[in-house]
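> Quick one: this structure, given as structure tokens, is what I'll be asking you about.
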Amino acid sequence: MSSDPQQGPAPAVGPREVPAWPSPWPYDYAVEGKARTPAQKVERLVPPETRPPVTTTRRGLFGAAAAGWGAFAAAGGVGSLAVVRFLFPNVSFEPPQQFHTKAVGEFGAESVDETYKETHGVWMVNTGGKLMAISTVCTHLGCTPNWQAGDQKFKCPCHGSGYYINGVNFEGPTPRPLERFHLFVDPVTNQVVVDKTRKCQVEQGTCEVRDFYIPV
Ligand code: FES
């Protein structure tokens, strides 16, 4: 060790400070107070001149191609599903428009049979010597009235419209009677069949034909 007589003896160089175990990975030492990035760590770990050249292997090429085709196929599958979904639009499954009920004699005189109210939206009404199929849709704004046997009337809970047992309106805001459906007796089963594809309107006089009532 030499020393300059002008500057005095050189400061002694002590051993490098070694961190206690577990020490940080050698290339994790901070540089100027900043932690090294992963790239910097690799840079120090493997000098550029000693790194192997970047090459594309056949396996890697096939792998990339397979991944690309996989993504393409997935996108195609999603597109195909969308097309199939488009071909089968939303369908509401409603009860059949024509349905069998009971034999004529099973509907009691001056009665309202509510068997088909919930399932088909029809009251079977036997009154005045006629059996009729009356719609349960209020002719005001479409609510469903209730049959009030004590008052012998249909009463709509929405705005108070009232109808006689034969469906003719007499109170509330509704402008016209309940509608009626076509009905006939099935000659094979002897049951009354209601056909909702045909209906009549009392106020227009179209309900007075035999298609819309059965004499009882
Ligand atoms: S919908 Fe029935 S009275 Fe208004």
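> Which value in nm describes the separation of the simple spin-label points at Phe88 and Ala75, placed 7 Å from the Cα toward the beta carbon?
According to this spin-label approximation, the distance is 2.7 nm.
> Take the Cβ-Cβ distance between Lys34 and Thr55 as r, set R0 to 25 Å, and report the resulting FRET efficiency rounded to the nearest 0.05. Don't skip to the answer; put the middle values down first.
Working: r = 33 Å, r/R0 = 1.33.
The calculated FRET efficiency here is 0.15.
> Another one. Put Tyr213, Tyr164 in order of accessible area, largest first, 1.4 Å probe: what do you get? Mind dumping the intermediate values first?
On the way: Tyr213 40, Tyr164 115 Å².
Final ranking, largest accessible area leading: Tyr164, Tyr213.
> Taking amide H atoms as placed 1.01 Å from N in the peptide plane, list the residues 5 or more away in sequence, or in a different chain, whose amide H sits under 5 Å from that of Gln191.
Under 5 Å from the amide H of Gln191 lie the amide H atoms of Asp186, each far enough along the sequence or on another chain.
> Tell me, what HN-Hα J-couplings in whole Hz come from the Karplus equation 6.51 cos²θ - 1.76 cosθ + 1.60 at θ = phi - 60° for each residue of the stretch 115-126, using x for Gly and Pro?
Ordered by residue, 3J(HN,Hα) equals 4, 9, 5, 6, 7, 10, x, 9, 9, 8, 10, 10 Hz.
> Quick one: which residues, 5+ away or cross-chain, put their amide H under 5 Å from the amide H of Gly172? H built at 1.01 Å from N.
Residues meeting the amide H criterion: Gly162.
> In the stretch 97-216, if every C-alpha pair distance is counted and binned at 5 Å from zero, what percent goes to each bin?
2, 12, 24, 26, 21, 10, 4, 1, 0
> Can you put Thr101, Thr206 in order of accessible area, largest first, using a 1.4 Å probe?
On the way: Thr101 10, Thr206 60 Å².
Solvent-accessible surface, decreasing: Thr206, Thr101.
> Under a crude label model (7 Å from the Cα following the beta-carbon direction), how far is Gln98 from Ala149 in nanometres?
3.3
> May I pose another question? So for the pair Thr115, Asn190, with labels modelled 7 Å out along Cα→Cβ, what separation do we get in nm?
If labels sit at Thr115 and Asn190, their model points lie 1.5 nm apart.
The values are calculated or read from the model by the stated rules, or taken from the named source; none is laboratory data. The model shown is predicted, which means the values in this text are computed figures rather than measured ones. Cβ sites come from the backbone with ideal geometry, for glycine too, and all protein chains shown count toward neighbours. These area figures cover heavy atoms from the full protein model, side chains too; ligands, DNA and RNA do not enter into them. Shrake-Rupley method; radii C 1.70, N 1.55, O 1.52, S 1.80 Å.
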